[in-house]
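A.B. asks: Got a structure for you, questions after.
The values are calculated or read from the model by the stated rules, or taken from the named source; none is laboratory data. In this text the structure is predicted, and so the values were computed from the model without any measurement. Positions of Cβ are backbone-derived with ideal geometry, glycine not excepted, and every protein chain shown enters the neighbour counts. Surface accessibility is based on the protein's heavy atoms, side chains included, excluding ligands, DNA and RNA. Shrake-Rupley method; radii C 1.70, N 1.55, O 1.52, S 1.80 Å.
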Amino acid sequence: MGSGYSSPSILQSSSTCLPSYCSTTSPFQSQESQTNSLNFCSPTRFLETHLRKSSKILIPRSPFSAISPLKCAKVHKMETQVEDSVKPIVDPHDIDPKLVQKLAYDALVWCSLNGLLVGDRNSKRSGTVPGVDMVHAPVALLPMSFPESHWKQACEVAPIFNELVDRVSQDGEFLQQSLSRTKKVDPFTSRLLEIHSKMLEINKIEEIRLGLHRSDYMLDEQTKLLLQIELNTISSSFSGLGCLVSELHRSLLQQYREGIALDPNRIPTNNAANQFAEALAKAWNEYGDPRAVIMFVVQAEERNMYDQHWLSASLRERHQVTTIRKTLAEIDALGELQQDGTLVVDGQAVAVIYFRAGYAPSDYHSESEWGARLLMEQSRAVKCPSISYHLTGTKKIQQELAKPNVLERFLENKDDIAKLRKCFAGLWSLDESDTFKDAIEKPGLYVMKPQREGGGNNIYGEDVREALLKLQKEGTGSDAAYILMQRIFPNISNSILMREGIPHKEQTISELGVYGSYLRNKNEVLINQQAGYLMRTKVSSSNEGGVAAGFAVLDSIYLV
Ligand code: ADP
Ligand code: MG
């Protein structure tokens with residue numbers, strides 16, 4: 001969407017054409033692709049739900065209809081805005097319907113030719129057999145405008161968050177202590193902590209530590225603050241497909257530069273897939289066995305498999321590293337530990353374990369899967385993530401880190417601490433009685449979150465009040481399963497979302513994820529960098545709570 005956040009308060013209807021953005025001569029910057037994920041919910045859940053609703057469907061006409069170029073008059077003036085406000089450039093809902101059809105057609109061809117694909121939810125085999133029953137990934141037709149200053153801010157904190165995760169992960173007592181109440185009431189977290197305890201008992205040292213993270217943000221409309229939604233340390237998805245969306249949008253802007261006066265170079269380079277692959281390859285190299293493989297731990301059915309295959313392809317083609325894909329059950333059945341701690345699965349030594357499963361209770365169908373998780377943790381393979389990195393990404397730890405003086409335990413640099421703290425939204429434990437009462441009175445201002453990943457688990461609106469009153473009545477300590485978070489209200493923008501080949505005009509909100517890659521071996525930090533991004537855009541009316549609605553698409557950003 002050429003225009004992004006278009007809150008009525010800041011949307012300028014000025015029809016002045018900004019010369020630089022009307023330029024038809026800006027060189028198209030060819031890019032390797034890469035980045036992002038799109039995930040208001042887990043990839044899987046998202047893919048299951050994203051097609052459910054549809055609103056205003058634009059009836060496809062002939063894709064070959066004549067184009068009526070958008071005049072420069074459609075371009076909103078940008079230079080008069082207050083610093084940091086969001087400046088819409090083109091309102092996608094103003095684009096001539098014939099041009100929309102043309103853009104949509106070309107976008108669909110591009111997705112098909114370039115592997116911006118997911119398994120079709122209407123097919124049984126699409127989650128298990130690659131190459132059959134594929135459909136284009138749900139995408140926004142045009143990029144979403146996003147303030148450059150906030151983009152830079154999100155990129156700047158990525159390495160600081162990486163370092164923070166590493167340091168917190170090394171403080172086993174902090175993790176155990178912070179999650180001790182949660183452990184009593186949340187069986188899933190309790191199982192993870194059990195594995196963590198076992199590793200502490202045997203003094204298991206992870207010398208090579210690999211983090212592939214994604215920190216997610218929403219831009220709060222009222223305060224203009226970029227606030228962190230969460231920090232993902234396990235299975236940060238869509239690095240493979242997200243970066244393709246940036247390329248798709250750049251390609252469309254280039255092709256239609258006379259119809260849509262946007263500069264393709266304002267879409268930042270997004271190299272997430274290759275950067276993730278590079279970090280995995282370097283970890284593999286540090287492990288030091290040229291015959292060993294990288295193992296992707298996957299769900300038995302995965303319609304988001306192409307996102308993962310992009311990483312495998314990059315590993316194979318750019319780094320000559322072999323990957324294998326195994327479910328937790330397969331690892332339990334086929335895996336063994338050799339005397340020196342080498343993990344061998346199906347006869348192959350494993351150097352690096354990359355989790356794209358194992359973050360949700362539903363991934364652990366029986367004791368077999370838990371056995372596999374323990375086996376991997378006991379091994380000397382590099383785990384991405386290790387159990388302690390995984391726990392560091394829990395919502396309870398996010399809330400603990402936001403308490404006064406806690407960041408200071410882990411980081412020395414005051415500037416770094418201030419930069420991270422600036423992104424923290426209000427976060428509370430439910431035993432903070434003032435907040436508990438306030439949330440009952442004003443539930444719309446809070447989100448209640450259990451210790452879960454993958455989308456669809458949060459509680460919003462009136463349900464917050466009900467849930468809190470229920471917990472109060474029970475008084476069993478089950479409040480420790482949740483945290484409370486300030487509800488963030490981002491701008492609402494006009495967008496066109498592509499689903500199942502059809503463009504839909506929608507009012508949307510967006511969430512920016514910035515990837516980070518981190519690798520260290522003992523005291524040496526080998527990689528610590530921002531590693532691409534993922535914009536996800538969803539229908540603003542979808543129950544913000546839960547994602548359950550999951551009406552999100554992959555998007556890119558257009559810097560303004
Ligand atoms: P999960 O681990 O399930 O992805 P998140 O914390 O990312 O959990 O929440 C899921 C989704 O809920 C987010 O992608 C976002 O759309 C919405 N959400 C989460 N926290 C907030 C918040 N504080 N304010 C507004 N929306 C939120
Ligand atoms: Mg999330």
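A.B. asks: Is there a residue being closer than 18 Å to Asp220 by Cα, touching a residue at least 24 places away in the same chain (Cβ under 8 Å) and in contact with a strand residue (DSSP E or B) (Cβ under 6 Å, 6 or more places away or on another chain) anywhere in the range 515-529?
C.D. replies: In the first step, residues of the range 515-529 are kept if they are closer than 18 Å to Asp220 by Cα; the result is none.
No, because not a single residue in the range 515-529 is closer than 18 Å to Asp220 by Cα, touching a residue at least 24 places away in the same chain (Cβ under 8 Å) and in contact with a strand residue (DSSP E or B) (Cβ under 6 Å, 6 or more places away or on another chain).
A.B. asks: Here's a follow-up. On the basis of being within 14 Å of Val293 (Cβ to Cβ), acidic (Asp, Glu) and at pLDDT 95 or above, does Asp346 make the cut? Outline the logic, then answer.
C.D. replies: Numbers: within 14 Å of Val293 (Cβ to Cβ): yes; acidic (Asp, Glu): yes; at pLDDT 95 or above: yes.
Criteria met by Asp346.
A.B. asks: Out of curiosity, is Leu484 open to solvent by less than 10 Å² (accessible area, probe 1.4 Å) and either assigned to a strand (DSSP E or B) or in contact (Cβ under 8 Å) with a residue 12 or more places away in the chain (or both)? Show your work before the answer.
C.D. replies: Numbers: open to solvent by less than 10 Å² (accessible area, probe 1.4 Å): yes; either assigned to a strand (DSSP E or B) or in contact (Cβ under 8 Å) with a residue 12 or more places away in the chain (or both): yes.
When the stated conditions are applied, Leu484 passes them.
A.B. asks: Next question. Quick one: how many residues across the range 327-346 are open to solvent by less than 30 Å² (accessible area, probe 1.4 Å) and closer than 14 Å to Ala381 by Cβ? First the steps, then the outcome.
C.D. replies: Start the filter on the range 327-346 by keeping residues that are open to solvent by less than 30 Å² (accessible area, probe 1.4 Å), which leaves 327-328, 331, 335, 341-345.
Next, only the ones that are closer than 14 Å to Ala381 by Cβ stay: 331, 335, 341-345.
So the count comes out to 7.
A.B. asks: Among the residues of the range 418-428, is there at least one that is more than 14 Å from Lys395 (Cα to Cα), open to solvent by less than 50 Å² (accessible area, probe 1.4 Å) and free of Cβ contacts under 8 Å to residues at least 60 places away in the same chain? Before you say what the answer is, go through the steps one by one.
C.D. replies: Of the residues in the range 418-428, the ones more than 14 Å from Lys395 (Cα to Cα) are 418-423.
Now narrow it down to the ones that are open to solvent by less than 50 Å² (accessible area, probe 1.4 Å): 420, 423.
Still in the list and also free of Cβ contacts under 8 Å to residues at least 60 places away in the same chain: none.
Within the range 418-428, not a single residue is more than 14 Å from Lys395 (Cα to Cα), open to solvent by less than 50 Å² (accessible area, probe 1.4 Å) and free of Cβ contacts under 8 Å to residues at least 60 places away in the same chain.
A.B. asks: Okay, next question. Name the helices (runs of 4 or more DSSP H) wholly inside the range 124-205 in which the number of residues that are open to solvent by 10 Å² or more (accessible area, probe 1.4 Å) and farther than 17 Å from Leu407 by Cα is 3 or more.
C.D. replies: Values: elements: 148-169, 172-178, 180-185, 187-201.
Ranges flagged: 148-169, 180-185, 187-201.
A.B. asks: Please enumerate the residues belonging to the range 436-445 that are open to solvent by 20 Å² or more (accessible area, probe 1.4 Å) and of a type outside the set (A, V, I, L, M).
C.D. replies: Of the residues in the range 436-445, the ones open to solvent by 20 Å² or more (accessible area, probe 1.4 Å) are 436-438, 440-442, 444-445.
Answer for the range 436-445, where residues must be open to solvent by 20 Å² or more (accessible area, probe 1.4 Å) and of a type outside the set (A, V, I, L, M): Phe436, Lys437, Asp438, Glu441, Lys442, Gly444.
A.B. asks: Going through Asp555, Asp479 one at a time, which residue ends up being over 20 Å from the mean Cα position of the chain (by Cα) and touching a residue at least 24 places away in the same chain (Cβ under 8 Å)?
C.D. replies: Working: Asp555 fails: over 20 Å from the mean Cα position of the chain (by Cα).
One residue alone meets the criteria, Asp479.
A.B. asks: Residues being within 11 Å of ligand 2 (Cβ to nearest atom) and part of a strand (DSSP E or B): count how many of those fall in the range 224-238.
C.D. replies: Selection size over the range 224-238: 5.
A.B. asks: Restricting attention to the range 298-326, which residues are more than 22 Å from Leu117 (Cβ to Cβ) and either β-branched (Val, Ile, Thr) or under 20 Å from the mean Cα position of the chain (by Cα) (or both)?
C.D. replies: Within the range 298-326, the first condition is being more than 22 Å from Leu117 (Cβ to Cβ), and the residues that meet it are 319-322, 326.
Val321, Thr322 - these are the residues of the range 298-326 that are more than 22 Å from Leu117 (Cβ to Cβ) and either β-branched (Val, Ile, Thr) or under 20 Å from the mean Cα position of the chain (by Cα) (or both).
A.B. asks: Now for a separate question. Given the conditions (1) open to solvent by 10 Å² or more (accessible area, probe 1.4 Å); (2) under 23 Å from Arg373 (Cα atoms), report the number of the one that His319 does not fulfil.
C.D. replies: (2)
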